[in-house]
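The values are calculated or read from the model by the stated rules, or taken from the named source; none is laboratory data. Fair warning: this is a prediction, and the values are worked out from it, not measured in the lab. Neighbour counts are summed over all protein chains in view; Cβ atoms, including those assigned to glycine, are modelled from backbone coordinates with ideal geometry. Please note that ligands, DNA and RNA were not included when accessible areas were found on the heavy atoms of the full protein model with its side chains. Shrake-Rupley method; radii C 1.70, N 1.55, O 1.52, S 1.80 Å.
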Amino acid sequence: ISFPMSKELKKIYFEEPILLDDKVKKFLFHAKRFQENRDGRSLTYILQNSQGLLQYLEKAASIYVANAESNTAKLKQVELLIFILTLVTLCFEALFIFKNNNKKIIEDTQEIIRQKDYSNAVIESSTNAIITLDANLRIQTYNQMAETIFGYSKAEMLNQLSFGKII
């Protein structure tokens, strides 16, 4: 009974007509007295009152169980609410983080495309032949002036090890 008691339990333990707390104390007093002295009056009291005391204790225990089940159900509801709030918070967090990152990725991608288009325009409009090679000496860039000067088409030269033909 160290935990807060419901009104129903307080009534059983401390109010008329049951006064379970007093009955338990009196029963324990007689049980100790019988154990120590083998007193016949205490034995008679124990035998006459044990069944009734067990019924009251069973009633109190069933109330404790009902209260515990009720509290457990409330706790489950609170736990579910916390779980749902956590999921919602994570969704909002992800939405705002990814929204900003996605926007930045789109802007960066568009900038790279603009830069590539600009460099392609410069390369294609040049009056000089422009040819670029990768680390394996494959042709990566071959502009229109290179086609005119060397006589090979862009399609023939790109991604080929054809730099030797030109030389």
_Probe 1.4 Å, accessible area per residue of region 65-104, Å²_ = 92 Å²
*To the nearest 20 debye, what is the magnitude of the charge dipole of region 112-167 about its Cα centre, counting +1 on the Cβ of each Lys and Arg and -1 on the Cβ of each Asp and Glu?*
80 debye
*Using only helices, what value at 222 nm comes out for the chain when you add -39,500 (n - 2.57) per DSSP H run of length 4 or more and divide by the total residues, to the nearest 500 deg cm²/dmol?*
-26500 deg cm²/dmol
*Over the residues of region 15-167, compute the C-alpha Rg and express it relative to 2.2 N^0.38 Å.*
3.10
*Loop trypsin sites (Lys or Arg not before Pro), region 1-71 (other Cβ atoms within 10 Å of the site Cβ: 11 or fewer; DSSP)*: R38
_Span-like helix ranges in the chain, DSSP H, alpha carbon extent 30 angstrom or more, Kyte mean at least -1.0_ = 40-125
*Given a Förster radius of 35 Å and the C-beta distance between F96 and S70 as r, what FRET efficiency does 1/(1 + (r/R0)^6) yield to the nearest 0.05?*
0.35
*Can you work out the FRET efficiency for the pair Q77 and N49, with r the C-beta to C-beta distance and R0 = 41 Å, to the nearest 0.05?*
0.45
*Suppose every K and R has +1 on its Cβ and every D and E has -1 on its Cβ; what is the size of the dipole of the chain about the Cα centre, in Debye to the nearest 20?*
1020 debye
*Report L75's accessible area, 1.4 Å probe, all protein chains in place, as a number in Å² to the nearest 10.*
120 Å²
*Over the Cα atoms of region 92-167, how large are the radius of gyration and the largest Cα-Cα distance (Dmax), in Å?*
18.6, 61
*Would you mind calculating the relative contact order of the chain from Cα pairs under 8 angstrom and at least 6 residues apart, reporting the percent as a whole number?*
10 percent
*Using 7 Å Cα-to-Cβ label points, what is the Q115/Y56 separation (nm, one decimal)?*
8.8 nm
*Mind checking region 1-85 for GluC sites (Glu not before Pro) that DSSP puts in a loop (not H, G, I, E or B) and that have at most 12 other Cβ atoms within 10 Å?*
E15
*Express the carbon and sulfur contribution to the solvent-accessible surface of region 16-167 as a percent, rounded to the nearest whole number, probe 1.4 angstrom.*
61 percent
*Based on Cβ point charges of +1 for Lys and Arg and -1 for Asp and Glu, what charge dipole magnitude is obtained for region 30-103 about its Cα centre, in debye rounded to the nearest 20?*
80 debye
_Distance histogram in 10 Å bins (all Cα pairs of region 98-142, percent per bin)_ = 24, 32, 27, 16, 2
*Using 0.36 nm per residue, how much length does the chain from T89 to T148 gain when fully extended, once their Cα-Cα distance is taken away?*
15.0 nm
